[in-house]
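Right, one structure below, let's go through it.
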Amino acid sequence: MVGPATIKKKQIFIQHEFEKLEFLSPSALRNLRSARGLCAADRSFPSGAWMIAAMKTLLAWMLLASAALLAGCATLDERQRQWIFQPSDRSWGRGEEAARGMEDVWINFRSAETGQPVRLHGLWSPHERFAADARAPVLLYLHGARFNVLGSALRARRMQELGFSVLVIDYRGFGKSSHTLPSESLAYEDARAAWDWLGRQHPERPRFIFGHSLGGAIAIELAAQVPDEAGTLVEGTFTSIPDVVASYKWGWLPVGPLITQRFDAVRRVPQIGSPLLVVHGSEDRTIQPELGRSLFEAATGPKRFELVEGGSHHNTNAVGQPQYRLALAELFGLR
């Protein structure tokens, strides 16, 4: 058993080593000043900075993984899952207002990964022509890290404005869904369960998959698994987590083999069987537009890339609504 004095010494050592890595945010450094801060997730990052901070912290953590484990922290894999997903049950901005009128949806299944029962929470918002048009499209919305269904409701509403009836779901660990630490494989399983549920509810309607940021990688994986999607849309998405880490200042460090949550979308995108729309904001400082372009270039089927001038990681589907409409019409035949 490692004694308190030894743990304290190692915590001080880790703190000093992290401070040498100038790319860490001040909030991340503050959290490292205690054992609780070292081993707990930081949810204080401002909107728009969560993934940058998470990737920087992930990079620093892997450089010091052995020392941190000796100090009594959780496993490297668990820390990566926490930092990459940043699971939350909170809403941001005008999320609750945007979600008003959406219907609660509950999806129950037994996990093949864990053997445990799972309960996913989602929000369903039908388009105004849903009842009148039996072929009106439905869309599964897969959100990114940190933002749960309430935090994603405003963006989901914008997809509804484009003509879709939208189901947005929370992975395990988010919102009201089953409380467990999310992982890459569990998120894939959750997305598949939601997709199958949507198919059972609306078997005759064209179904589309949409993913934002981290959700885009999950959308690519789902599209590679299923044979019945009418189209796939991703926004602010990347090729892989190692590529995201490599895009930051200290990304040249050889930490790639230590990354367990890889989200290797660039490897899976050639296997999707539907037209692919890749959208990226030109001013995205969280996921570089070059990563979105590289994902697009790796796709082999019908595809389209839309660079939205002035779009950030969070407002591209607002700024880029006209481009979305044109792309949906020309790539998918949606009017």
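A few remarks follow.
- Subset of the range 139-196 (residues that are polar (S, T, N, Q) and either crowded, with 20+ Cβ neighbours inside 10 Å or within 22 Å of Thr316 (Cβ to Cβ) (or both)): Asn148, Ser152, Gln160, Ser165, Ser177, Ser178, Ser183
- Summed over the range 244-281, residues that are closer than 21 Å to Phe85 by Cα and free of Cβ contacts under 8 Å to residues at least 12 places away in the same chain total 2.
- Set Arg172, Arg157, Arg192, Arg200: member being assigned to a loop (DSSP other than H, G, I, E, B) and basic (Lys, Arg): Arg172
- Elements of the type helices (runs of 4 or more DSSP H) sitting completely within the range 223-335 and holding at least 3 residues that are buried (at least 21 other Cβ atoms within 10 Å of the Cβ) and in contact with a Ser or Thr (Cβ under 9 Å, 6 or more places away or on another chain): these cover 289-298.
- Pick from the range 154-167, criterion touching a residue at least 60 places away in the same chain (Cβ under 8 Å) and of a type outside the set (Asp, Glu), ranking: nearest to Pro117 (Cα to Cα): Leu167
- Odd one out for Glu204 among (1) out of contact with any Phe, Trp or Tyr (no Cβ under 6 Å at 6 or more places or on another chain); (2) crowded, with 19+ Cβ neighbours inside 10 Å: (2)
- Selection count where residues are open to solvent by 80 Å² or more (accessible area, probe 1.4 Å) and within 12 Å of Ala153 (Cβ to Cβ), scope the range 85-102: 5
- Hey, Asp77 open to solvent by 90 Å² or more (accessible area, probe 1.4 Å) and among the acidic types (Asp, Glu) or not: no
- Failed item in (1) under 20 Å from Pro87 (Cβ atoms); (2) out of contact with any Lys or Arg (no Cβ under 8 Å at 6 or more places or on another chain); (3) modelled with pLDDT of 95 or more, with Gln201 passing the rest: (1)
- Ala136 vs. criteria open to solvent by 30 Å² or more (accessible area, probe 1.4 Å), outside any helix (DSSP H, G or I) and closer than 20 Å to Trp197 by Cβ: no
The values are calculated or read from the model by the stated rules, or taken from the named source; none is laboratory data. Bear in mind the structure is a predicted one, so any value in this text is a computation, not a measurement. For neighbour counting, all protein chains shown are included, and Cβ atoms are generated from backbone atoms with ideal geometry for every residue, glycine included. Areas reflect the complete protein model, heavy atoms only, side chains present, ligands, DNA and RNA absent. Shrake-Rupley method; radii C 1.70, N 1.55, O 1.52, S 1.80 Å.
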